[in-house]
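The values are calculated or read from the model by the stated rules, or taken from the named source; none is laboratory data. All values reported here derive from a predicted model rather than from experimental measurement. Note that each Cβ is placed from the backbone with ideal geometry, even for glycine, and that neighbours are counted across all protein chains shown.
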Amino acid sequence: MNDNQQSLNVFRDRIDEIDDEILRLLRERNDTVKKVIDTKIEKNLPIFVANRENEKITQFRENAKKLGLDSEWAGDFLRMIMSSSRAYQSGNTFPRTKAGSKNILMVGGGGGMGSLYARISNASGHSVDILERDDWDRVAELTKNKDLVIITVPIKITEETIERIGPYLSKKTILADFTSNKSHILDAMMNAHDGPVAALHPMHGPDVTNVSKQLMMVCHGRDESAYEWMLEQFRLWGLRLKFVDPEQHDRAMHLIQGLRHFVALLHGSFMREFDLKPEEMADFSSPIYRAELMMTGRIFAQDAELYADIVFSNFERRTLLIEFLEHHEKLAELVKNNDRNGFIREFRNIAEFFGDFAEQALEESSYMINRLADRFG
């Protein structure tokens, strides 16, 4: 071994020692976090407190800058540590609302979303029963003395399920749902049940380790004070709540879910038609297209019927999809006519419509692309 190699090994050995010390400190931090979480559970305090995390990240970035480190990188590093800390307690006990233990029925609770919230509810000390398709002969027994009934079944049978279970509910029972449509579903619940009603939409999938920092859309139905304990429980789990008008919610979901998933179908169908194999396309992709390709591909790793239910969920969404396709035909004329100037005009008009959001999108997408490139490059 030459002198140069020996000199490098001295530094490399020290780097290894520092890395080991970092891991030891992270383990110590996790152990301390567990004590914090145990205290939060004992005192019924929220798992996630946005202000506390924001203050920590700001201070951490300032300290990093004083040490000559990249403050942006330091903030990201702390966010990853905090995310790991939240995941660390995912399978453990969760804090419970001051209203005490409640009796909850998850209709369709054997599915992904129902199973997730049943697990978290159980971990908070609530009593949870499940009603699946083969349990309707026990519906009177399962709905008895329930404080909360949540409908979490496929969209296409949600209204039917609401009508079916309504007559069995006590007037004190809260009726809620987890469906991605709200207007028609909220009307159905209000018609089927005279008691408290709330329409809910968890804006995440069933594969999250916990719901801390996730978003829950809430549309008020009837008797808000009766289900305040439910909203408090969501906050204790760390969920962010957004209260929305059902029509406003559905209009946004037509774009966020309906159009987005149909665009993925168009993208994937075109690739299949022209034998553009995704693994080959990924090899030739810039980071931005790779990200788009992965977002398209993840949809086709999931259930076709689920996405069909989302895309074809109601007349309004199907109408918007037809208008979307007709609009594409108008834009296709620019290509057919080799209308470069028309393309530029349309591009600039859209840029004006996006306004300042375009700069925000550039910043956020650049962050995502750089992280993806670093992770999977």
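Some notes on this structure:
- Residue among PHE353, PHE324 that is without any contact (Cβ under 8 Å) to a residue 40 or more places away in the chain and aromatic (Phe, Trp, Tyr): PHE353
- Among residues that are in contact (Cβ under 8 Å) with a residue 12 or more places away in the chain, in a helix (DSSP H, G or I) and either touching an Asp or Glu at 6+ places or on another chain (Cβ under 6 Å) or closer than 28 Å to GLU326 by Cα (or both), PHE262 is included.
- Sole exception among (1) at pLDDT below 90; (2) over 29 Å from LYS182 (Cα atoms) for GLU292, by number: (2)
- Only listed residue being of a type outside the set (A, V, I, L, M) and modelled with pLDDT under 90, chosen from PHE312, PHE357, PHE343: PHE312
- Yes/no for GLN257 being buried (at least 16 other Cβ atoms within 10 Å of the Cβ) and either basic (Lys, Arg) or under 30 Å from HIS184 (Cα atoms) (or both): yes
- Restricting region 128-168 to residues that are hydrophobic (A, V, I, L, M, F, W, C) and outside any helix (DSSP H, G or I) leaves a set whose member that is surrounded by the most Cβ atoms within 10 Å (Cβ to Cβ) is VAL149.
- The single condition from (1) part of a loop (DSSP other than H, G, I, E, B); (2) modelled with pLDDT of 95 or more; (3) under 24 Å from PHE48 (Cα atoms) that ASP207 fails is (2).
- All positions within region 235-259 that are farther than 28 Å from VAL311 by Cα and either of a type in the set (Lys, Arg) or assigned to a helix (DSSP H, G or I) (or both): ARG235, LEU236
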